[in-house]
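Q: Below you will find the structure I want to go over with you.
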């Protein structure tokens, strides 16, 4: 299982986030990434299972306007990717990127 942490709001998210993710270090040691913009900070520590080399997170859509950190398995990820392949450029083989582009298409209905 991976590490995932986030902070939303006008607090010192950039300062607290490294401490939050460090507390979960036992849950994913392969890579780590952080994202900060406006009032949101997200961090992810990865236990690589899919796309060992290219699946580090945070992952962005093509124009950089949407970011995702995800911990989980999407069992129909391949089917989702196939349906979205004509409209989106996939740069990883991760489930997270499939969810990212599905969210772009249908919004919260993807849940």
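Q: Neighbour counts of other C-beta atoms within 10 Å: give me 20, 42 arranged from fewest to most.
A: Arranged by neighbour count, lowest to highest, 20, 42 become 20, 42.
Q: Going highest first, how would you order 104-110, 70-76 by mean Cβ packing within 10 Å?
A: So the peptides 104-110, 70-76, ranked by packing, come out 70-76, 104-110.
Q: If you don't mind, there's one more thing I want to ask. Would you order 88, 101, 36 from fewest to most other beta-carbon atoms within 10 Å of each residue's own beta-carbon?
A: Fewest-to-most Cβ neighbours within 10 Å comes out as 36, 88, 101.
Q: With a ≥ b ≥ c the root eigenvalues of the C-alpha gyration tensor of segment 63-111, is it rounded (a/c under 1.5), prolate (a/b larger than b/c) or oblate?
A: rounded
Every number in this text was worked out from the coordinates using simple rules, so none of it is lab data. Since we're looking at a predicted model, the values are computed, not measured. Please note: Cβ atoms are built from the backbone with ideal geometry, for glycine as well, and neighbour counts cover all protein chains shown.
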